[in-house]
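J.: Sharing a structure with you now.
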Amino acid sequence: MTMRTDGEKFVLALDQGTTSCRALAVDVKGRIAATAQREFTQFYPRPGWVEHDASEIWTVQKDVLDDAVRKIGGADKIAAIGITNQRETLVLWDRQTGEPVHPAIVWQCRRSTAICERLKEAGHEAMVREKTGLLLDPYFSATKLTWLFENHPDLRDRAAAGELLFGTIDSWLMWKLSGGTRDAGARHLTDITNASRTLLFNIHTRAWDDDLLALFGVPRAILPTVVSSSETYFEARIGDVSVPVSGVAGDQQAALFGQGCYAPGDAKNTYGTGCFLLMNTGATPPTPEHGLLATIAWEIDGTVTYALEGSVFVAGAAIQWLRDGLQLIAKASETQALAESVPDTGGVYFVPAFTGLGAPYWQPDARGMITGLTRGTTRAHLVRAALEAIAYQTRDIIGAMAQTANLPLPRLRVDGGAASNDFLLQFQADLLGIPVARSAIQETTALGAAFLAGLAVGFWKSRDEIATLRQSDGTFTPDMAETE
């Protein structure tokens with residue numbers, strides 16, 4: 001996609017997701033002027049394990065960056081670069097060479113389940129929850145680090161000696177963009193939203209926490225410096241041009257920002273590989289109850305905004321499984337017509353717990369289940385059940401938020417690939433009993449990163465200006481009887 005205007009400047013957003021890398025150029029009116037996207041390899045070495053090659057991620061991300069720059073007419077058209085990323089995924093690399101020393105362990109990976117159970121049984125979860133707003137779950141970075149050090153003592157020893165560096169994907173991309181090796185002046189940084197997802201960061205003191213580092217056996221020397229979500233961190237060389245890198249946020253916080261959820265009570269749900277529902281709770285850290293998480297939404301100009309979060313591990317991934325695993329469909333876009341071809345699921349229910357259940361249940365050992373099958377069950381019933389499962393899981397989280405946050409939820413803003421499915425969003429509105437408002441631009445994660453970067457360099461003057469740029473693609477209102 002290309003929409004170039006000579007002389008116009010753009011903010012370039014790098015969107016490093018779980019299955020693909022994208023680069024998007026955003027103009028001053030919040031429109032997508034150019035995009036480039038490529039998938040990269042997923043590795044499943046054992047059941048429940050998920051890995052990426054961090055070097056491949058950088059290669060693919062750099063390729064799509066270069067492609068987007070070419071489409072807008074050169075790096076001199078870039079006012080700033082923003083980064084958003086899959087969260088919790090762990091990268092460990094050599095401090096001198098900048099080379100990864102182990103495959104990246106992905107947020108979906110469940111290999112540290114036994115470590116989490118051990119720490120729970122020892123009574124550590126209350127302390128972890130109070131300091132971090134999170135739970136002891138394999139989802140988060142620190143338990144993956146503990147697993148690495150326990151299973152690879154050589155890496156533990158090298159980390160203790162200060163030879164290795166740890167980071168989430170934002171850290172890895174900033175390291176590479178700022179030089180790629182220590183000798184080239186590479187910067188070891190992470191933004192506060194990504195730091196808040198590691199289980200090592202205290203969201204109240206806003207610093208790496210000694211008690212947590214001791215609990216997970218992580219040496220302080222491997223940790224990145226924590227920066228805000230919107231400031232100029234360094235200048236990256238894109239060809240012969242120096243461009244400020246000035247905005248970073250984890251993907252779900254970036255989507256919250258990109259959706260314009262700037263007031264307490266504003267909430268968004270991103271229907272992607274998983275489903276991630278965040279509610280802005282303002283300047284005070286919320287008390288995470290009923291299986292929800294407290295997290296940092298962003299920090300701008302020294303002010304921190306917090307959020308409640310509920311995470312569904314499998315949403316769009318269930319549709320991918322219908323396509324690739326069962327081969328019931330050829331492409332995801334077929335699911336709406338199939339779901340609407342039957343009046344209901346015929347009693348079929350689908351629990352897509354392929355990698356455990358997230359909020360509000362937090363059962364990492366749970367596995368998927370399809371129930372209610374009869375001889376009359378067709379692929380249309382299975383497809384409809386998969387779509388309904390996404391909405392049911394979201395309803396569980398909204399219910400928990402209603403119990404936890406003393407804030408009204410007048411509507412739910414939505415984005416992500418599966419949000420293009422009208423059947424899903426209508427069913428979601430019916431279940432929730434509130435309007436569901438779809439963004440006209442589905443790439444709100446990348447938009448959020450662009451907005452954060454642009455704010456830092458004055459490309460946009462304020463959040464109020466950014467809020468006026470949001471474009472709607474319609475609102476789905478509840479239309480189901482309460483008895484149904």
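J.: Of the listed values (1) 88, 55, 43; (2) 66, 60, 44; (3) 72, 55, 46, identify the label whose number matches Cα extents along the principal axes in Å calculated from this model.
T.: Checked against the structure: label (2).
J.: Under a point spin-label approximation (7 Å from Cα along Cα-to-Cβ), what is the Arg395-Leu409 distance to one decimal in nm?
T.: 1.2 nm
J.: For Tyr361 paired with Arg206, estimate the spin-label separation in nm (one decimal), with each label point 7 Å from Cα along the Cα-to-Cβ line.
T.: So the two model labels end up 3.7 nm from each other.
J.: Nearest 0.05, what FRET efficiency do Thr287 and Ala467 give at R0 = 30 Å with Cβ-Cβ as r? Please report the intermediate quantities before stating the final value.
T.: Numbers: r = 28 Å, r/R0 = 0.94.
Efficiency computed from Cβ-Cβ geometry: 0.60.
J.: Then there's this: Run the numbers for Ile370 and Ala126: contour at 0.36 nm per residue of separation, minus the present Cα-Cα distance, in nm.
T.: 84.4 nm
J.: For Ala330 and Arg237, calculate 0.36 nm times their separation in residues minus their Cα-Cα distance, and state this gained length in nm to one decimal. Display every interim value, and only then the final one.
T.: On the way: separation 93, 0.36 × 93 = 33.48 nm, distance 4.14 nm.
My answer for the length gained is 29.3 nm.
J.: Identify the trypsin sites (Lys or Arg not before Pro) of region 408-463 meeting these criteria: DSSP loop state and at most 12 other C-beta atoms within 10 Å of the C-beta.
T.: Passing both the DSSP loop test and the Cβ count: Lys461.
J.: Once fully extended, how much extra length lies between Ser420 and Thr477, figured as 0.36 nm per residue of separation less the alpha-carbon to alpha-carbon distance?
T.: In short, 19.0 nm is gained.
J.: A further question on this structure: What distance in nm separates the two pseudo spin-label positions at Val28 and Asn151, each 7 Å out from Cα along the beta-carbon direction?
T.: It works out to 5.2 nm between the two label points.
J.: Dipole of region 4-130, Cα-centred, from +1 at each Lys and Arg C-beta and -1 at each Asp and Glu C-beta, to the nearest 20 debye?
T.: Computed charge dipole of region 4-130: roughly 280 debye.
J.: Restricting to Cα pairs below 8 Å that are 6+ residues apart, what does the relative contact order work out to for region 224-349? Please round to a whole percent.
T.: 18 percent
Here, each number is a calculation from the coordinates, and none is a lab measurement. Since the model is a prediction, treat every value here as computed from it, not as a measurement. Every residue, glycine among them, receives a Cβ derived from its backbone with ideal geometry; neighbour counts consider all protein chains shown.
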